[in-house]
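None of the figures in this text is laboratory data; all of them are computed from the coordinates on show. Quantities reported herein were computed from a predicted structural model and do not represent experimental measurements. Counting neighbours? That spans all protein chains shown, and the Cβs are built from the backbone with ideal geometry, glycine included.
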Amino acid sequence: MIGEVYRLAAARTFVAYQLPSLLQEANPTGNMANKKIALVTGGNKGIGFEIVRGLLQAGCRVYLGAREAAKGQQAAADLAAEGDVRFLEVDLGNQAALAAAAAHLQREEGRLDILVNNAGINAPGDGSPATADVRSVEQVLQTNFLGTLAATQAFLPLVKQAAAGRIVNVSSPLGSLTIVGQHDWALLGYSASKAALNMLTVQLAYELRDTAIKVNSANPGYTATDLNGFAGTDTPAQGAAEAIRLALLPADGPTGTSSSTAGLLPW
Ligand SMILES: NC(=O)c1ccc[n+]([C@@H]2O[C@H](COP(=O)([O-])OP(=O)(O)OC[C@H]3O[C@@H](n4cnc5c(N)ncnc54)[C@H](OP(=O)(O)O)[C@@H]3O)[C@@H](O)[C@H]2O)c1
């Protein structure tokens, strides 16, 4: 059932045809001085790893955020041949590490053009409202919503220093009240965390409405990653496509929206 809606959202032709031209538009000359500076949280594997790859292909300098240095360094090494990638320790649950990461970016770059809030978890014990383990629900909300909020607050001053910042929150159709209300999906904590994340998108977009910054939610399809024991039907590259598009939005692009590669999603 989940797969059906996800498949709707998975317009594969976008990946094959539209994405390469968007990537070229983002940096048509490959000019090093004009490189956009990007940070992707949870970049060491899954969808985040492919978002890093896509932004590298667009000519960005990409900071690959990971909470474990060994994993982050390995992932950055795996992508080194594809562009200017650097590991940065980003742990959503560690305020001191977030502050240190922001200070590092301030020193090295003085700005952040693109922030992709991709890191997220699913917790064993999450489930239906009648049965979900409250501590599992708390854990998911802690990472996916409060952790992402903490990261956003840590890096927002840097995004404000960019000419036209982009913030992408990697959400899920499971966070849509409208979609979930029509399906027998029972992951209360995960869904609530992504609904709350969508609220962050809407309120931050409004707070920044008089700036050039755009804030949007990207909704991957059902993607084969660790999060679901690789049961997903889309590849991580497909799952990354909408986040990459939103990260590279032109000046006339939207803000305060939630979308997949198939188009806008209802809240
Ligand atoms: N897979 C899907 O079908 C699907 C569908 C819709 C939305 N999404 C969303 O897509 C995003 C990426 O998920 P994925 O499927 O690629 O899962 P994944 O392969 O499990 O990757 C999750 C990433 O988040 C990192 N992470 C988890 N907790 C963290 C924390 N506290 N601080 C910093 N990093 C943390 C993980 O790091 P470690 O390696 O250290 O654990 C990993 O890099 C998530 O927000 C997820 O909710 C996934």
Got a sec? How would Tyr190, Tyr63 order by Cβ neighbour count within 10 Å, fewest to most?
Tyr190, Tyr63
Could you compute the FRET efficiency for Arg209 and His183, with r as their C-beta to C-beta distance and R0 at 25 Å, rounded to 0.05?
0.15
Considering the alpha-carbon set of the range 146-242 alone, what are its Rg and its Dmax in angstrom?
14.8, 44
What is the distance, in nm, between label points placed 7 Å from the Cα along the Cα-to-Cβ direction at Ala100 and at Trp267?
3.8
With r as the distance between the Cβ atoms of Glu108 and Glu82 and R0 = 22 Å, compute the FRET efficiency 1/(1 + (r/R0)^6) and round to 0.05.
0.65
In debye, nearest 20: dipole of the chain around its Cα centre with unit charges on the Cβ of K, R (+) and D, E (-)?
440
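Does the range 125-201 come out rounded, prolate or oblate, given a ≥ b ≥ c as the square roots of the eigenvalues of its C-alpha gyration tensor, rounded meaning a/c under 1.5 and, failing that, prolate meaning a/b above b/c?
Values: a/c = 4.73, a/b = 1.91, b/c = 2.47.
Oblate.
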What 222 nm value per residue comes from the helices of the chain, counting each DSSP H run with n ≥ 4 as -39,500 (n - 2.57) and dividing by all residues, nearest 500 deg cm²/dmol?
-12000 deg cm²/dmol
Span per principal axis, largest first, for the Cα atoms of the chain (Å):
54, 42, 39
What is the order of Ile51, Ile121, fewest Cβ neighbours within 10 Å to most?
Ile121, Ile51
Beyond 24 Å between alpha-carbons counts as too far, so tell me which of Lys36/Lys214; Lys45/Lys194; Lys71/Lys214; Lys45/Lys214; Lys45/Lys160 fall in that bin.
Lys71/Lys214; Lys45/Lys214; Lys45/Lys160
